Amino acid sequence: MKIKGEDVDADLAKARSDYEAYKSLYEQGAISKQELITYETQMRKYQSQKDNLMIRAISSGMIGAVHVDPGDYVTLGSPIMDLVKNYPLKVSFTIPERLVTKINLGQSLELNSDANPQKTYNAKIDFIAPRVDPQTRTILVRAILSNPDQFLKANQYVRVKATTRTEDSALVVRETAIYLDQGQEFLYLAIPMKDIADRKDKKDPMGNPLPTHLARRVPIKTGLREQGKVQVIEGIQEGDNVIYAGLHSIYPSAQLVKIEEQD
């Protein structure tokens, strides 16, 4: 992008002429070196202004939005055009501060987007912020994505997946079953009511089903996560009945009616 600057051209031409004239006088001993430096500095100043009229890209990329037309008046700081670099891309995301020990520089990540959920991209972490955001208690992380086909675009949302540890056997529950209360994670379990659960006929005289379970809230400690599932390290046992839906209407000791889940 070139900005017209006839006034700068004129100033530069005059400064060059003055410099050459005073350089000749200096060589004849008519003026001091300090006086010559003054005119040389003036010439360099106008030369710098002329060089700044040619705006060059600082990196390779593609032209995005163009904010001006030929002949428009621009001032210092006026946006002229967008230069978008989609190869490679930098991916920025945040993690809770409690997970900072789970990530490292150079660690591999997997990314995908709603535009093409089946396509997986690989990236590597190249920056971990040295501070925790005091408002969100999260840490900024950035990763480099090669994006060779340039399918992903700048400012596009992606899902980030990092494998921090693998286990052959883990007790997991649905992610929707977990809720947070004052920093503590909880689950609701459905505990059988022995006096009713053992009855063959579980209906009242009106034919309505009798409650067979009571809701019990239990604190838990979680571990690994994957899409839709969370590992539970402490708080429940294998085989416990975990309530994963309708939590807005569940409370401790709530009476529950068991229904068969339909596929």
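Points to keep in mind about this one:
- Candidate set: region 166-185, residues that are assigned to a strand (DSSP E or B) and not acidic (Asp, Glu); chosen: the one surrounded by the fewest Cβ atoms within 10 Å (Cβ to Cβ): Leu180
- Once region 21-65 is narrowed to residues that are of a type in the set (Val, Ile, Thr) and at pLDDT 90 or above, the residue that is nearest to the chain's Cα centre (by Cα) is Thr41.
- Pair list, Cβ < 7 Å and 6+ apart or interchain, from region 227-256 residues that are within 30 Å of Ser113 (Cβ to Cβ) to residues that are of a type in the set (Gly, Ala, Ser) and surrounded by 13 or more Cβ atoms within 10 Å (Cβ to Cβ): Gln231/Ala170; Gln231/Gly223; Tyr244/Ala177
- Leading residue by the ranking (farthest from Asp72 (Cα to Cα)) among those in region 1-59 that are β-branched (Val, Ile, Thr) and touching a Phe, Trp or Tyr at 6+ places or on another chain (Cβ under 8 Å): Ile31
- Flag if Thr120 is free of Cβ contacts under 8 Å to residues at least 12 places away in the same chain and either part of a strand (DSSP E or B) or surrounded by 11 or more Cβ atoms within 10 Å (Cβ to Cβ) (or both): yes
- Of note, Pro70 does not satisfy the criterion of being farther than 30 Å from Ala10 by Cα, free of Cβ contacts under 8 Å to residues at least 12 places away in the same chain and outside the structural domain of Glu185 (by TED's automatic domain parsing).
- Within region 98-117, the residues that satisfy the criterion of being of a type outside the set (A, V, I, L, M, F, W, C), more than 15 Å from the chain's Cα centre (by Cα) and either in a strand (DSSP E or B) or surrounded by 13 or more Cβ atoms within 10 Å (Cβ to Cβ) (or both) are Lys102, Gln107, Ser108, Asn116, Pro117.
- The one condition from (1) outside any loop (DSSP other than H, G, I, E, B); (2) out of contact with any Lys or Arg (no Cβ under 6 Å at 6 or more places or on another chain); (3) among the aliphatic types (A, V, I, L, M) that Leu76 does not meet is (1).
The values are calculated or read from the model by the stated rules, or taken from the named source; none is laboratory data. All values derive from a computational prediction rather than experimental measurement. Counting neighbours? That spans all protein chains shown, and the Cβs are built from the backbone with ideal geometry, glycine included.
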